[in-house]
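To keep things clear, I will list the structure first and then write my remarks on it.
The values are calculated or read from the model by the stated rules, or taken from the named source; none is laboratory data. In this text the structure is predicted, and so the values were computed from the model without any measurement. Here the Cβ is made from the backbone with ideal geometry for all residues, glycine too, and neighbour counts use every protein chain on show.
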Amino acid sequence: MSRPVHGGNLLWAADLAGCSPNHILDFSASINPLGPPQSAIAAIQAHLDTLTAYPDPSYSALCQGLSDIHQLPLDWFLPGNGSAELLTWACRDLARCAWTGVLTPAFADYRRALSAFQGQIRSFPLDVQRPWGLSLNDRMNRVLTRVGQAIDSAQCGLLLNTPHNPTGQLLDRKQVEKFLEQFALVVVDEAFIDFLPSEAQESLIARVQEFPNLVILRSLTKFYSLPGLRLGYAIGHPDRLKKWQKWRDPWSVNSLAIAAGLAVLQDHTFQCQTWNWLPPSRDQLWTGLAELPGFYPWPSAANFLLVATDYSVPGLQMALLQRHQILIRDCLSFPELGAQYFRVAVRSYADNQRLLLALADCLPERVN
């Protein structure tokens, strides 16, 4: 079985560990460990009878729920089969630009989706070498300044994500807003932004009606721990979203996903539980990693941490699987990072502690 590009491939991990996928403790996929919420499970169970009918192709009920939350008209929303599906259509639009700027390292699907439509990619590298000297925030501001200076055509595109994957850095909204006047199309992937309370998110949703060249992508599967259900949504000008709808299958979102989505959007108790859980759990994991010899974690606003290390991550990953049935996310799919970086999700206190003890046990000098 070939090495996966994405995290969360438990079949691959279990094959290497020699155990059942159910026995793998997964730090490779950045999914909320508190979920899925009971509201989602109850909604799925209550709507099993909808499986005998096709879903509403306009997803009007879910769009109404999104409209109530974001205070935008219904036709400014397009639900999708996960934000990954919507990214594909965003990149089909971006591929029409002279080039599309991407901050690197970047989520591998950006290159996959842009390349699928022969889009021209211009990389803007973020310095992610050891966390010494300039803060990651200062490094991010520098690369965003270079992006603004690179415009050489009125038809350039820009694909950003905030918090940035894999560093977890939250982009400065005011800096991103400047690009709305410069670029023909700006797509902002906010897949992990729900892990921050609303007042801290730095989202550009409030500007979307002012700028028809702005599209926001959101995920409902990471925060609510529903990656197997596949659900996300785009926010953008209705004319653009109608075009995307014509490009795709008319029933991209299944009935159970719609029911679960409507339920979790109203689950304020679960949202507050997550916002209260994440900061201390992330601090615990960051501190524990920083105390291990040869590990250099970056600060993060998201539910994951990027870690530079003195060791070869593929060997460390294998040792963790075989000795402890723990899977971490290698960064080999990020060409700018390679074999001495890994990314880990923030999990419960007990799970985090189990990872820290396992890492201490698997340091290469003890494995080899």
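Observations
- You will find that of Ser219, Ser203, the residue that is within 25 Å of Val176 (Cβ to Cβ), among the hydroxyl-bearing types (Ser, Thr, Tyr), in contact with a strand residue (DSSP E or B) (Cβ under 6 Å, 6 or more places away or on another chain) and at pLDDT 95 or above is Ser219 and no other.
- For the stretch 213-265, the set of residues classified as over 23 Å from Cys91 (Cα atoms) and in a helix (DSSP H, G or I) consists of Ser255, Leu256, Ala257, Ile258, Ala259, Ala260, Gly261, Leu262, Ala263, Val264, Leu265, listed by residue number.
- When Ala339, Ala319 are screened for being in contact with an Asp or Glu (Cβ under 8 Å, 6 or more places away or on another chain), in the same structural domain as Arg282 (by TED's automatic domain parsing), free of Cβ contacts under 8 Å to residues at least 60 places away in the same chain and not charged (D, E, K, R), only Ala339 passes.
- Within the set Asp310, Asp249, the sole residue that is free of Cβ contacts under 8 Å to residues at least 40 places away in the same chain and assigned by TED's automatic domain parsing to the domain that holds Arg139 turns out to be Asp249.
- Yes/no for Phe334 being at pLDDT 95 or above, closer than 16 Å to Ala106 by Cα and not assigned by TED's automatic domain parsing to the domain that holds Pro125: no
- Residues (in contact with a helix residue (DSSP H, G or I) (Cβ under 8 Å, 6 or more places away or on another chain) and surrounded by fewer than 13 Cβ atoms within 10 Å (Cβ to Cβ)) located in the stretch 243-279: Trp247
Listed here are the residues, each with its yes/no results for (1) closer than 22 Å to Pro105 by Cα; (2) surrounded by fewer than 24 Cβ atoms within 10 Å (Cβ to Cβ).
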position	(1), (2)
Asp189	yes, no
Ser198	no, yes
Gln201	yes, yes
Phe211	no, yes
Leu231	no, no
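- Ala98 being buried (at least 23 other Cβ atoms within 10 Å of the Cβ) and more than 14 Å from Leu214 (Cα to Cα): no
Residues checked against (1) in contact (Cβ under 8 Å) with a residue 40 or more places away in the chain; (2) acidic (Asp, Glu); (3) crowded, with 24+ Cβ neighbours inside 10 Å:
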position: Arg146; (1), (2), (3): no, no, no
position: Ala150; (1), (2), (3): yes, no, no
position: Leu159; (1), (2), (3): yes, no, yes
position: His164; (1), (2), (3): yes, no, yes
position: Lys178; (1), (2), (3): no, no, no
position: Ile205; (1), (2), (3): yes, no, no
position: Val215; (1), (2), (3): yes, no, yes
position: Pro238; (1), (2), (3): yes, no, no
